[in-house]
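K.L.:
I'd like to ask some things about the structure below.
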Amino acid sequence: MSRLVVVSNRVADPRKAAAAGGLAVALGDALSVRGGLWFGWSGTVVEGGTPGEGEMHSQQAGNVTLTTVDLCREDHDSYYLGYSNGVLWPVFHYRLDLADFDAGFIGGYRRVNQMLAHKLMPQLLPDDIIWVHDYHLIPMAAELRAMGCKNRIGFFLHIPLPPPLILAAIPQHEWLVRALFSYDVVGFQSEADVAHFSRYVGQEVGAEALDQHQFRAFGRTVHAQAFPIGIDVDEFAALTHGKEARDMFESMKEEYSRRRLLLGVERLDYSKGLPQRLRTFQKLLQKYPENLNSATLIQIASPSREALDTYSGLRQELESLCGSINGDFGELDWMPVRYIHRNVARKRLPGLYRVARVALVTPLRDGMNLVAKEFIAAQDPADPGVLVLSRFAGAAEQLKEALLVNPYDTDGTADSIQRALQMPLPERQARHQKLLASIRSQDVHWWRKTFLDALTGVDTSDHRR
Ligand code: ADQ
């Protein structure tokens, strides 16, 4: 079996991946099975270093080599904060209003991708299979091809791809899409993303659709397909029955058998629709006063990208909304919102999911959303909680038995939450059974295998000439 090379912005030690969870576990597993190399940024920023240069570090973790590169401050600020998270993240989440199209960022983005490609190239073996992840590294294959790399290279976009006219707002949109044609396979989270890709390449660059998945432009053919990412359902169920999760559940069970718990868990990011969710909760208390002193919202929002102003502004907005809801509706013995600006330890998280009567997963846009799937995996099938899910999360294409909502519609979403709180047990059970079957049939192993099968199966003659 040929070696797997994973390239992603951050690299995790597969031996410690359980603590990091999610993707780290999935990729760590794939690498351990085949043996391979995981390559990316070290997470270290060197003050005063030279742009386009970075020290490389390697360590062995079983049959996986972890190789990382430091970034100097200027490269970090333009590649990571500036272009990746100041341009690509907001635009790909449909937020043109939040994008900062500073012309200086693109240079850093190209420079870092070029540097990483230069450092990776000498480490590659001729039959390695290369799998590049996410928006930070779109030009990686183009850089490798320019140095003569003929390997199979796949790309997976973890975030949404917006419709053509939104994508076209990025000054370098055509360059970015041309770069995607240096890959053999481009994977998206949802059918909606693939449809946007297909429309973009048809309208903007005159690509020819050879069939449902094959698009030809710039003298190359790329295979584009949806590979919705899943979770490791068994691993998550095992965590749910572990000591930490059970302790968490026991410590909260008593209070939340009297009051109903609504739960939100995410990074503090504007894509996740947090202010809208709090206003919806406020609406729920006004419109359905039987929830006063009876429904509590726990909102866990972990710190994220705090160096960017949009993120610190959002934090202030959220804190002010929590304060005003608690001030208006709270009692001496009940606070409607418990807001926590920290991470919850991964091993305890399933206990929290299991106490919750309703999960509020209401992003304004999300590539997939794994919290929705983790919540399902952690439920007790005999007495499951209800998932209220935004129709704008990629996960909504699969999780049709959730209560699907439009998070911009505060009134309508408040009605759906009320319905979730009142849902009879047989309906909760029936919905949960179908949701569980869905996350089981397309779990993280399915995702990895389907993507890698596509990558090893496609005709790559364009890149081998
Ligand atoms: P994210 O935007 O980070 O991921 P998500 O898919 O929900 O969103 O994954 C978050 C992970 O972090 C989950 O495993 C969750 O349990 C954990 N997590 C989040 N907040 C936490 C907290 N406060 N405490 C502890 N754990 C927390 C991006 C895309 C998504 C896509 C994933 C994977 O934005 O759309 O689903 O990649 O492709």
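The values are calculated or read from the model by the stated rules, or taken from the named source; none is laboratory data. This is a predicted model, so every value here is computed, not measured. Cβ coordinates were reconstructed from backbone atoms using ideal geometry, including for glycine residues, and neighbour counts include every protein chain displayed.
K.L.:
Output the residue which, of all residues in the stretch 407-437 that are among the acidic types (Asp, Glu) and closer than 26 Å to residue 278 by Cα, is surrounded by the most Cβ atoms within 10 Å (Cβ to Cβ).
P.N.:
415
K.L.:
Which of the residues that make up the stretch 300-315 are outside any helix (DSSP H, G or I), surrounded by fewer than 20 Cβ atoms within 10 Å (Cβ to Cβ) and in contact with a helix residue (DSSP H, G or I) (Cβ under 7 Å, 6 or more places away or on another chain)?
P.N.:
304, 305, 306, 307, 308
K.L.:
Ok, one more. Considering only the stretch 233-263, state which residues are over 22 Å from residue 302 (Cα atoms), out of contact with any Lys or Arg (no Cβ under 8 Å at 6 or more places or on another chain) and within 14 Å of the ligand (Cβ to nearest atom).
P.N.:
Listed by number, the list holds a single entry, 235.
K.L.:
Continuing with this model, one more query. Give the stretch 105-133 a look and list any residue that's of a type outside the set (A, V, I, L, M) and part of a strand (DSSP E or B), or say none.
P.N.:
The answer is 131, 133.
K.L.:
Now a separate question. Looking at this structure, is residue 91 without any contact (Cβ under 8 Å) to a residue 40 or more places away in the chain and more than 14 Å from residue 10 (Cβ to Cβ)?
P.N.:
no
K.L.:
Let me ask something else. Which one is farthest from the ligand (Cβ to nearest atom), of the residues in the stretch 264-299 that are outside any helix (DSSP H, G or I) and under 17 Å from residue 324 (Cβ atoms)?
P.N.:
This residue is 292.
K.L.:
Does residue 296 satisfy the criteria of being out of contact with any strand residue (DSSP E or B) (no Cβ under 7 Å at 6 or more places or on another chain), assigned by TED's automatic domain parsing to the domain that holds residue 355 and touching a residue at least 40 places away in the same chain (Cβ under 8 Å)?
P.N.:
Against the criterion (out of contact with any strand residue (DSSP E or B) (no Cβ under 7 Å at 6 or more places or on another chain), assigned by TED's automatic domain parsing to the domain that holds residue 355 and touching a residue at least 40 places away in the same chain (Cβ under 8 Å)), residue 296 does not qualify.
K.L.:
Which of the residues that make up the stretch 331-346 are surrounded by 15 or more Cβ atoms within 10 Å (Cβ to Cβ), at pLDDT 95 or above and in a loop (DSSP other than H, G, I, E, B)?
P.N.:
Result: 335, 336.
K.L.:
Moving to a separate point now. Considering every residue within the stretch 91-105, establish whether at least one is over 20 Å from the mean Cα position of the chain (by Cα), surrounded by fewer than 24 Cβ atoms within 10 Å (Cβ to Cβ) and under 19 Å from residue 49 (Cα atoms).
P.N.:
yes
K.L.:
Sticking with this structure for a sec: Has the stretch 410-422 got at least one residue that is more than 15 Å from residue 358 (Cα to Cα) and touching a residue at least 24 places away in the same chain (Cβ under 8 Å)?
P.N.:
Yes: the stretch 410-422 contains one or more residues that are more than 15 Å from residue 358 (Cα to Cα) and touching a residue at least 24 places away in the same chain (Cβ under 8 Å).
K.L.:
Right, next: In the list 239, 210, 262, which residue meets the criterion of being of a type outside the set (Lys, Arg) and free of Cβ contacts under 8 Å to residues at least 24 places away in the same chain?
P.N.:
210
K.L.:
Of the residues 222, 233, which single one is aliphatic (A, V, I, L, M) and either more than 30 Å from residue 350 (Cα to Cα) or surrounded by fewer than 19 Cβ atoms within 10 Å (Cβ to Cβ) (or both)?
P.N.:
222
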